[in-house]
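A.B. asks: Below you will find the structure I want to go over with you.
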């Protein structure tokens with residue numbers, strides 16, 4: 001990450017805290033001033049808030065700044081969020097040529113980037129995928145998410161059962177931590193793509209489940225046509241969402257996940273921004 005002065009860092013954190021507290025208007029004003037002063041990190045934050053407000057033109061212009069300067073943030077998933085928001089912006093009617101131009105400009109800046117070789121390869125692969133996506137004007141495949149993963153392997157039911165049977169043998173400390181054990185069993189259901197167990201385990205102990213578990217469960221519920229139930233569990237846990245970078249100020253997954261995005265009405269987007277959530281992890 002490029003060096004920034006303490007005053008700039010403090011200003012970014014203060015603006016982020018305002019956004020996380022639900023003071024969206026003052027946060028946008030503060031981020032806007034920082035963007036004018038050249039802060040790509042503040043631009044990423046402003047892009048997130050703008051996406052929840054449906055201002056996709058502003059999403060593109062601000063995401064472009066982080067795309068051109070990826071080392072302005074320290075968590076790579078902020079960059080990935082910007083790429084996926086750009087894809088969503090194209091789907092919302094922003095010019096594909098402009099989005100493709102953002103991707104290609106980012107590629108041209110990589111040679112001057114201070115990113116390590118592994119990071120440069122990731123950024124390059126991601127930006128080329130965005131450029132290709134823009135060239136076909138959002139044609140299939142419609143998701144940018146697979147860019148960051150790969151082809152899922154065939155589900156091995158026996159491996160899942162073995163993982164559950166051996167859980168306490170491999171992690172004996174969980175015996176005295178029932179809540180952690182419950183969440184770990186839920187995580188195994190997700191890792192091995194067991195939708196029935198995801199839902200069952202979530203509702204067996206909803207009081208110990210956080211935002212991430214709600215998102216994973218909601219994805220299954222949407223697949224089953226239970227949209228209202230899906231939103232109910234997400235909405236109840238908005239305050240449990242946590243950022244992993246000073247530039248993250250909202251749960252962008254709700255807008256870029258191909259299933260969850262359909263839940264996000266303007267009213268629900270406004271609710272997300274108004275809900276105090278998380279705390280900075282610095």
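The values are calculated or read from the model by the stated rules, or taken from the named source; none is laboratory data. Quick caveat, the model's predicted, so the values are computed rather than measured. Ideal geometry is used to build each Cβ from the backbone, glycine not excepted, and the neighbour counts take in all protein chains shown.
A.B. asks: Going by what's in this entry, would residue 54 be described as more than 18 Å from the chain's Cα centre (by Cα) and either touching a residue at least 12 places away in the same chain (Cβ under 8 Å) or assigned to a helix (DSSP H, G or I) (or both)? Break it down stepwise before answering.
C.D. replies: Working: more than 18 Å from the chain's Cα centre (by Cα): no; either touching a residue at least 12 places away in the same chain (Cβ under 8 Å) or assigned to a helix (DSSP H, G or I) (or both): yes.
Spelling it out, it is not the case that residue 54 is more than 18 Å from the chain's Cα centre (by Cα) and either touching a residue at least 12 places away in the same chain (Cβ under 8 Å) or assigned to a helix (DSSP H, G or I) (or both).
A.B. asks: Identify, by number, the condition in (1) part of a helix (DSSP H, G or I); (2) within 20 Å of the chain's Cα centre (by Cα); (3) touching a residue at least 40 places away in the same chain (Cβ under 8 Å) that residue 105 doesn't meet.
C.D. replies: (2)
A.B. asks: Further question on the same structure: Taking the options 224, 268, 259, 193, name whichever one is under 15 Å from the mean Cα position of the chain (by Cα) and surrounded by fewer than 17 Cβ atoms within 10 Å (Cβ to Cβ). Even if it seems obvious, please write down each step before you answer.
C.D. replies: Working: 224 fails: under 15 Å from the mean Cα position of the chain (by Cα); 268 fails: under 15 Å from the mean Cα position of the chain (by Cα); 193 fails: under 15 Å from the mean Cα position of the chain (by Cα).
Every option except 259 fails the conditions.
A.B. asks: While we're looking at this one, here's another question. Pairs please, first residue from the stretch 67-78 and over 16 Å from residue 244 (Cβ atoms), second anywhere and surrounded by fewer than 16 Cβ atoms within 10 Å (Cβ to Cβ) and at pLDDT 95 or above, Cβ atoms under 9 Å, 6+ apart in sequence or on different chains.
C.D. replies: Pairs found: 67/105; 68/105.
A.B. asks: Among the candidates 22, 93, which residue alone is touching a residue at least 60 places away in the same chain (Cβ under 8 Å) and either under 24 Å from residue 132 (Cα atoms) or over 16 Å from the mean Cα position of the chain (by Cα) (or both)?
C.D. replies: Numbers: 93 fails: touching a residue at least 60 places away in the same chain (Cβ under 8 Å).
22 is the lone residue from the list that is touching a residue at least 60 places away in the same chain (Cβ under 8 Å) and either under 24 Å from residue 132 (Cα atoms) or over 16 Å from the mean Cα position of the chain (by Cα) (or both).
A.B. asks: Quick one: which residue in 89, 27, 10 is surrounded by fewer than 22 Cβ atoms within 10 Å (Cβ to Cβ) and assigned to a helix (DSSP H, G or I)? Walk me through it before giving the result.
C.D. replies: On the way: 89 fails: surrounded by fewer than 22 Cβ atoms within 10 Å (Cβ to Cβ); 27 fails: surrounded by fewer than 22 Cβ atoms within 10 Å (Cβ to Cβ).
Going through 89, 27, 10 in turn, the sole match is 10.
A.B. asks: Only one of 25, 119 is more than 22 Å from residue 261 (Cβ to Cβ) and modelled with pLDDT of 95 or more. Can you tell me which? Break it down into steps so the answer makes sense when it comes.
C.D. replies: Details: 119 fails: modelled with pLDDT of 95 or more.
Sole residue among the options that is more than 22 Å from residue 261 (Cβ to Cβ) and modelled with pLDDT of 95 or more: 25.
A.B. asks: For the stretch 179-223, which positions are in contact with a helix residue (DSSP H, G or I) (Cβ under 8 Å, 6 or more places away or on another chain) and in a loop (DSSP other than H, G, I, E, B)?
C.D. replies: Passing the criteria: 192, 194, 205, 209, 210.
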